[in-house]
Amino acid sequence: MPPQRVSALPRQQSLLLPSVINPFVQDTKLSKSTVIKCVLLGIVLVPVRAILMSLVLMVTWPVALIITLNRPLKGAVEPMKGWRRFMCRRVMTALGRAYFFCMGFRVVIKGTQVSSSEAPILAVAPHSTFFDGIVCIVAGLPSTVSRVENLATPIFGRLVRCLQPVLVSRKDPDSRKNTIQEIESRAKSAGHWPQVLIFPEGTCTNRSCLITFKQGAFIPGVPVQPVLIRYPNTLDTVTWTWQGFGSRALLLLTLSQLYTTVEIEFLPPQIPTEEEKKTPALFACRVRQAMAQALRVPVTDHTYEDCRLMISAGELTLPMEAGLVEFTKISRKLNLKWDNMRKELESFATMASSCRGGRITIEEFAHFLKLPVSSALEELFSLFDRNGDGTIDFREYVIGVTILCRPANTEEVLRMAFQLFDTDGDERITREEFTALLRSALGVSDINMAKLFKEIDADASGFITFNEFQAFAITHPEYAKLFTTYLELQRYQAIQEASPGELELTGQASLRENQEDSISDKKDD
């Protein structure tokens, strides 16, 4: 019976499965009665509201044109003063409120907004819909962060200019650095500039939690006023995420309601400590925790990058949830890059595409490795299967490959594995040598062995060189750990077969090694 792996130290909680599974899905279910009600109300409300919204927009656009006339878009831009600022804060704000009123929004404001000198930055969360723009109206048109392309949008481009936005350009490689510098410059202008409003989550969620805050709002090290958004409606017609209703469907559903309530709450400003000024991530974490407590929702380490992985999973015909791995936390802990993570997802999809639910069973794992289910393979699979449910999801796969397999692919370890096959020491592995080891160690049949040997033997020379062996191990990291696991099992069997005296001495040495391995695993994990 193969030995059971016993870890001297538990796995870190930081790499266990998060309690929040998918904050990027909108799962509102419409009953037949709800659909009928929306249709009946929509027949009357949608045309009327569309006409009223158009009328307000016809008045708003000329006002925005007058305010922004002869105003530079780039370069040394100065904040609006005098009549321009008055029209922005008073006239444009009033027209914005009228616009949302025509859409059927009932706004409830809680708390008090402080001045720009008291809190130069407004951090708004949770960000869950395009309707969240109503916060800009309520807050008196503070500056926002916007793409340069938005300024060229017909009609709405002029409205965006009234916000005096911090512009971001995808074509500029220094755009991120320049954006942060501009935010910091405005935040430290002692009230010269309007407040800067930022959605620190960086993407839309379903409001079930607060995801990781980006640090842009917290790098300046100035007081930040948290602003909460709630939509306490019986029917959720506003949530706009990566998986769910589209923007047009949500707009029609919202316009078909008698009214839509939105609560905007201004919390007391958060002042950073000296340590938080030096480490913006700490400040962002504290502000997020305060907002989560007020909202009574959990926090999670998911980020916008998880959205990208989730969409990539869908493109690879995997369930979109398969891409959720808490990218920022795991990449920081395991030193992973986005491109590498995307490649790992493709490798995972190769194995999991035929599995229902996008999870890999040990049979699929063995089929992908072209190996039979053996004790060594079961041991390797159990190391990947972090929650012990008998399957591997993408999160477990990417952690397993990074922690278990990549470190094993050093040249020293690969050289040892190569020598394990190369029994006659002639620096090449023949098909007979390859067959003998795999048949005795892992029980691989001649048919499976032939396929595997052919795949490693890149130049079809009939034997495997170390360079071929190394290249294959790097692109198939599972094998390096597999052979290491086999050697550990062989050592265990040798200990079991030793005499009582030898067993006692060897057991003590093995115990020390296992403890060192466990401590090493703990450090990597």
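Here residue 119 meets each of (1) hydrophobic (A, V, I, L, M, F, W, C); (2) surrounded by fewer than 16 Cβ atoms within 10 Å (Cβ to Cβ); (3) in a loop (DSSP other than H, G, I, E, B) with one exception, condition (2).
Which one is farthest from residue 159 (Cα to Cα) among residues in the stretch 21-61 that are outside any helix (DSSP H, G or I) and charged (D, E, K, R)? This residue is 29. Cβ-Cβ below 9 Å, separation at least six or inter-chain, first residue in the stretch 316-339 and among the basic types (Lys, Arg) and open to solvent by 20 Å² or more (accessible area, probe 1.4 Å), second modelled with pLDDT of 75 or more and assigned to a loop (DSSP other than H, G, I, E, B): which pairs? Hits for this filter: 329/212; 329/301; 329/302; 329/303. Reported count of residues in the stretch 192-219, each being more than 22 Å from residue 327 (Cα to Cα), in a loop (DSSP other than H, G, I, E, B) and open to solvent by less than 10 Å² (accessible area, probe 1.4 Å), is 0. Pick from the stretch 293-309 the residues that are more than 8 Å from the chain's Cα centre (by Cα) and aliphatic (A, V, I, L, M): which of them is nearest to residue 229 (Cα to Cα)? By that ranking, first place goes to 295. Residue selection: residue 254 fails the criterion of being part of a loop (DSSP other than H, G, I, E, B) and assigned by the TED database to the domain that holds residue 108.
Hey, can you tell me all the residues within the stretch 237-250 that are out of contact with any helix residue (DSSP H, G or I) (no Cβ under 8 Å at 6 or more places or on another chain) and surrounded by fewer than 19 Cβ atoms within 10 Å (Cβ to Cβ)? Correct list: 244, 246, 248, 249.
Considering 189, 185, the condition of being within 25 Å of residue 274 (Cβ to Cβ), out of contact with any strand residue (DSSP E or B) (no Cβ under 9 Å at 6 or more places or on another chain) and open to solvent by 40 Å² or more (accessible area, probe 1.4 Å) is satisfied by 185 alone.
Candidates in the stretch 257-287 are the residues that are hydroxyl-bearing (Ser, Thr, Tyr) and either open to solvent by 40 Å² or more (accessible area, probe 1.4 Å) or modelled with pLDDT under 95 (or both); of these, the one that is farthest from the chain's Cα centre (by Cα) is 259.
Residues in the stretch 136-182 that are in a helix (DSSP H, G or I), under 22 Å from residue 220 (Cα atoms), without any contact (Cβ under 8 Å) to a residue 24 or more places away in the chain and open to solvent by 20 Å² or more (accessible area, probe 1.4 Å): 5 in all.
The values are calculated or read from the model by the stated rules, or taken from the named source; none is laboratory data. In this text, all values refer to a predicted model and were calculated from it rather than measured experimentally. Ideal geometry is used to build each Cβ from the backbone, glycine not excepted, and the neighbour counts take in all protein chains shown. Note: accessible area is taken over every heavy atom of the protein model, side chains too, but ligands, DNA and RNA are not part of it. Shrake-Rupley method; radii C 1.70, N 1.55, O 1.52, S 1.80 Å.
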